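The values are calculated or read from the model by the stated rules, or taken from the named source; none is laboratory data. Values in this document were obtained by computation on a predicted structure and should not be read as measured data. Heads up, the Cβs are rebuilt from the backbone with ideal geometry, glycines too, and the neighbour counts pull from every protein chain shown.
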Amino acid sequence: MKSIIIKTGLIAAALCLSLSSSAQEGHPLKGSWIGEWKGNAAKGDFVLMVLDWDGSKITGVVNPGTDNMAITEATLNPADWTVHIEAGGYELDGTIKELELPARSIVGTWKGEGKNGALEIVRQ
Amino acid sequence: MQSFTLKTFIKAAVLCTSLGLSATQVLAHHPIQAKFDEASEMALSGIVTHVDWKNPHVHVFVNVTDGKTVTNWAVELESPLLLTGSGWNESSVKPGDKIDVKGIRARDGSRQVWSENFAVAGKTVFALKDTRPAKPAQAAAAPRGADGKVILGSADGFWGYPSSYALIEDGVNVPMDRYGQLTELSDASKVAPMQPWALALYQHRQERDLQNDPMFINCKPPGGPRQYQSDLGIKFVEDKVNQRIFVLVGSGNRNYRIIYMDGRDQVGSVTGDDDNPLYYGRAVGKWEGDTLVVNTKGFNEDFWMSNGGLPHTSSLVLNERFTRSDMNTLKYEVAIDDPGAYTRAWTASWTMQWVPDQEVPIHFCQDNRP
C-alpha cells in the first residue's frame with residue numbers, strides 16, 4: 001500500500017512538473033528527470049533522478065519510488081553527449097537528446113541485479 | 001493495469017511537455033539568421049494588404065499575383081524603434097500600395113521574407129539608418145553632483161550602442177555579429193576559457209544559429225553582462241536617500257536590476273529572497289573614486305548571460321566596474337568567476353555611448369506586446 005501511495009505521488013508530481021519544464025541553460029544534466037527503466041521487476045518501471053553539477057563532478061540520486069540510491073559515479077562526454085551513471089548497483093548509459101530544450105531527454109539502457117532494459121527519462 | 005496506467009501517465013506527461021515547447025517555438029521571436037536563410041535571396045512584387053506596426057518586428061503583408069494565383073506573403077522588417085529612428089512611421093506604406101521587395105526567405109519555406117528595405121514606385125522606403133548618435137568631436141567632462149560624485153545617469157538620456165555586442169575575453173579578437181553568432185565556429189574555444197561541457201554546449205547553440213536563445217523564445221531577462229550588450233541600452237537611477245542604484249534595462253521587457261549601496265553584506269543565493277532577483281543576482285556596490293564597483297552573485301541558470309549563448313552556472317560571481325570617463329562614454333569592465341563553467345576567472349570590457357534627450361526605448365518581447 002505504501003509503495004502505491006509513493007508511486008501515485010511521484011506520478012502526480014511528474015504530471016504537474018511536465019506541464020512546464022523549468023529552464024536550465026547551465027550544465028545540461030542539472031535538474032529533475034522522470035521516466036522509465038523498462039522491465040525493472042525489482043524496482044518497477046518508474047524512475048526519478050535528481051542530478052546536480054558542482055563544477056567538477058555530477059552528483060545526485062536515483063529514486064525508483066521506494067528509496068533513494070546515491071549516485072556513486074557519473075560522467076558526461078560532451079563530444080557526443082553520452083551519459084554514464086552508477087547508483088545502488090545499477091549502471092545507466094544513454095545519450096542526451098534535444099539538448100537545446102529544457103525538456104531534453106536521456107535515452108539508453110539500464111542494467112543491474114542481473115537484468116537490463118531500455119531507459120528513457122525526460123528533464124522536468 | 002497499474003503498469004498500463006503508469007505508462008500512460010508518463011507518456012501523457014512527456015507529450016504535454018513536447019506540445020508546450022513546440023507551441024512556444026512556433027510563436028517565438030527568433031534571431032534573424034535563425035528564422036531566415038541569408039543564402040536564400042529573393043525578390044517579389046505585390047500589393048500591400050496590411051501593416052502590423054508592433055514590437056518586436058514590423059510586418060507588412062503583401063498579395064503577390066502569379067498568373068491567376070494570388071498568394072499573401074509576410075514581409076518582416078526591423079522593430080518600430082529602429083524604423084522610427086530612421087524616419088519611417090506606420091503610414092509610410094499603406095494598404096493598396098504596390099511594393100517591390102528584396103530580401104531573404106524563411107528557412108522553413110513558408111511565405112515569409114526578411115527585408116531591410118523595399119521600394120514603392122521605385123522609391124526606397126524603410127531603409128535603415130544608423131541611429132547611433134554622433135559623438136561630439138570633444139566630449140565634455142562627466143557631470144558631477146553636489147557631492148562631487150560622478151553622475152552615472154540622468155533624466156535626459158540613457159546608455160546604449162555598446163562598442164561590442166559580444167562577451168569575449170579581453171585581448172581576444174574573434175569576429176561575430178550583433179547577435180553573438182560567430183563568423184567561424186572554429187573560433188568558439190577562443191572566446192572564453194570554457195570547461196569542455198560548456199564549450200560543447202556553446203558550439204551546439206552556435207551551430208543552431210542561436211535558435212533557442214531564451215531571451216527571444218521565452219522572453220527571459222538579459223541577466224548578467226548581457227544587459228549591457230544591446231543598442232536599447234540601460235539607464236541608471238540613483239536613489240541616494242535609500243542608497244540604491246536601479247538599472248532600468250531597455251532590452252528586456254523593461255526589467256530592472258537593484259544595486260544596494262548601503263553596505264549590506266553579500267549573501268546572494270540561488271534560492272533567492274526578497275532582495276535577490278534571480279535573473280540579475282544580488283548586487284552590492286560601492287564607489288572607488290569615480291568608478292562604481294559592483295559584486296553580484298545568486299544568479300539562476302535560466303538565461304543566457306551573453307549574446308551568442310556563453311553558458312554559466314549558479315556559481316557565477318560578477319565583479320563589475322562602471323566608469324563614466326566623460327559625458328558620452330561609460331566604460332564597462334566585468335570579471336567573470338564561474339568555476340562551474342570556466343577553467344579560470346576571466347575579464348571582458350567595452351564601452352557604451354550616451355544617448356541624449358531620450359528615454360530608454362520601449363521594447364517588449366513578442367509575448368508582451370503593449
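Of all residues in the range A:91-115, exactly one satisfies the criterion of being more than 14 Å from chain B (Cβ to nearest Cβ) and without any contact (Cβ under 8 Å) to a residue 12 or more places away in the chain, namely A:GLY114. For B:SER315, the conditions (1) more than 9 Å from chain A (Cβ to nearest Cβ); (2) free of Cβ contacts under 8 Å to residues at least 40 places away in the same chain; (3) within 15 Å of A:TRP53 (Cβ to Cβ) are fulfilled apart from (1).
Do we have any residue at all in the range B:267-275 that's free of Cβ contacts under 8 Å to residues at least 40 places away in the same chain, closer than 29 Å to B:TYR179 by Cα and surrounded by fewer than 18 Cβ atoms within 10 Å (Cβ to Cβ)? No; the residues of the range B:267-275 include none that is free of Cβ contacts under 8 Å to residues at least 40 places away in the same chain, closer than 29 Å to B:TYR179 by Cα and surrounded by fewer than 18 Cβ atoms within 10 Å (Cβ to Cβ). Checked across the range A:57-75, the condition of being modelled with pLDDT of 95 or more, exposed (fewer than 15 other Cβ atoms within 10 Å of the Cβ) and aliphatic (A, V, I, L, M) holds for at least one residue. Of all residues in the range B:311-327, those satisfying the criterion of being surrounded by 18 or more Cβ atoms within 10 Å (Cβ to Cβ), of a type outside the set (Ser, Thr, Tyr) and under 22 Å from the mean Cα position of the chain (by Cα) are B:PRO311, B:HIS312, B:LEU316, B:VAL317, B:LEU318, B:GLU320, B:PHE322. Inspection of the range B:342-354 identifies no residue that is basic (Lys, Arg) and in contact with a strand residue (DSSP E or B) (Cβ under 6 Å, 6 or more places away or on another chain).
Selection over the range B:140-155 of residues that are at pLDDT below 90 and either more than 15 Å from B:TRP287 (Cβ to Cβ) or aromatic (Phe, Trp, Tyr) (or both) gives a count of 2. Looking at B:VAL101, B:VAL125, B:VAL113, just one residue is closer than 25 Å to B:HIS363 by Cβ and modelled with pLDDT under 90, and that residue is B:VAL125. Among the residues of the range B:200-246, write down those that are within 28 Å of B:LYS331 (Cα to Cα) and of a type in the set (A, V, I, L, M). B:LEU210, B:MET215, B:LEU232, B:ILE234, B:VAL237, B:VAL241, B:ILE245 - these are the residues of the range B:200-246 that are within 28 Å of B:LYS331 (Cα to Cα) and of a type in the set (A, V, I, L, M).
Evaluated against (1) assigned to a strand (DSSP E or B); (2) surrounded by fewer than 22 Cβ atoms within 10 Å (Cβ to Cβ), B:THR296 falls short on exactly one condition, (2). The single condition from (1) of a type in the set (Val, Ile, Thr); (2) part of a strand (DSSP E or B); (3) modelled with pLDDT under 95 that B:THR347 fails is (3).
Results for (1) crowded, with 18+ Cβ neighbours inside 10 Å; (2) modelled with pLDDT of 95 or more, shown as yes or no for each residue.
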{"site": "B:PHE61", "(1), (2)": "no, yes"}
{"site": "B:GLY67", "(1), (2)": "no, no"}
{"site": "B:TRP73", "(1), (2)": "yes, yes"}
{"site": "B:GLU78", "(1), (2)": "yes, no"}
{"site": "B:LYS94", "(1), (2)": "no, no"}
{"site": "B:GLY109", "(1), (2)": "no, no"}
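Screening B:ASP213 against (1) buried (at least 24 other Cβ atoms within 10 Å of the Cβ); (2) modelled with pLDDT of 95 or more leaves a single unmet condition, (2). Among the residues of the range B:114-126, those that are within 18 Å of B:PRO95 (Cβ to Cβ) and hydrophobic (A, V, I, L, M, F, W, C) comprise B:PHE118, B:ALA119, B:VAL120, B:ALA121, B:VAL125, B:PHE126. Looking only at residues of the range A:63-116 that are in a loop (DSSP other than H, G, I, E, B) and acidic (Asp, Glu), we find that the one that is nearest to the chain's Cα centre (by Cα) is A:ASP67. Could you go through the range A:91-98 and let me know if any residue there is crowded, with 17+ Cβ neighbours inside 10 Å, at pLDDT 95 or above and in contact with a Phe, Trp or Tyr (Cβ under 7 Å, 6 or more places away or on another chain). Scanning the range A:91-98 turns up at least one residue that is crowded, with 17+ Cβ neighbours inside 10 Å, at pLDDT 95 or above and in contact with a Phe, Trp or Tyr (Cβ under 7 Å, 6 or more places away or on another chain). Restricting attention to the range B:126-141, report how many residues are surrounded by 13 or more Cβ atoms within 10 Å (Cβ to Cβ), small (Gly, Ala, Ser) and closer than 18 Å to B:PRO162 by Cα. Looking only at that region, the number is 1. Please determine whether any residue of the range B:318-337 is over 30 Å from B:ALA134 (Cα atoms), in contact with a Pro (Cβ under 7 Å, 6 or more places away or on another chain) and within 14 Å of another protein chain (Cβ to nearest Cβ). No.
None of A:ALA74, A:ALA87 is within 14 Å of chain B (Cβ to nearest Cβ) and among the aliphatic types (A, V, I, L, M) except A:ALA74. Of everything in the range B:173-190 that's in contact with a helix residue (DSSP H, G or I) (Cβ under 9 Å, 6 or more places away or on another chain) and hydroxyl-bearing (Ser, Thr, Tyr), which residue is modelled with the highest pLDDT? Among those residues, the one meeting the criterion is B:SER189. Give the residue, chosen from B:ALA188, B:ALA198, that is in contact (Cβ under 8 Å) with a residue 40 or more places away in the chain and crowded, with 17+ Cβ neighbours inside 10 Å. So the residue among B:ALA188, B:ALA198 that is in contact (Cβ under 8 Å) with a residue 40 or more places away in the chain and crowded, with 17+ Cβ neighbours inside 10 Å is B:ALA198. Of all the residues in the range A:41-62, those that are outside any loop (DSSP other than H, G, I, E, B) and among the small types (Gly, Ala, Ser) number 1. Checking the stated criteria, B:PHE303 turns out to be within 14 Å of chain A (Cβ to nearest Cβ) and within 21 Å of the chain's Cα centre (by Cα).
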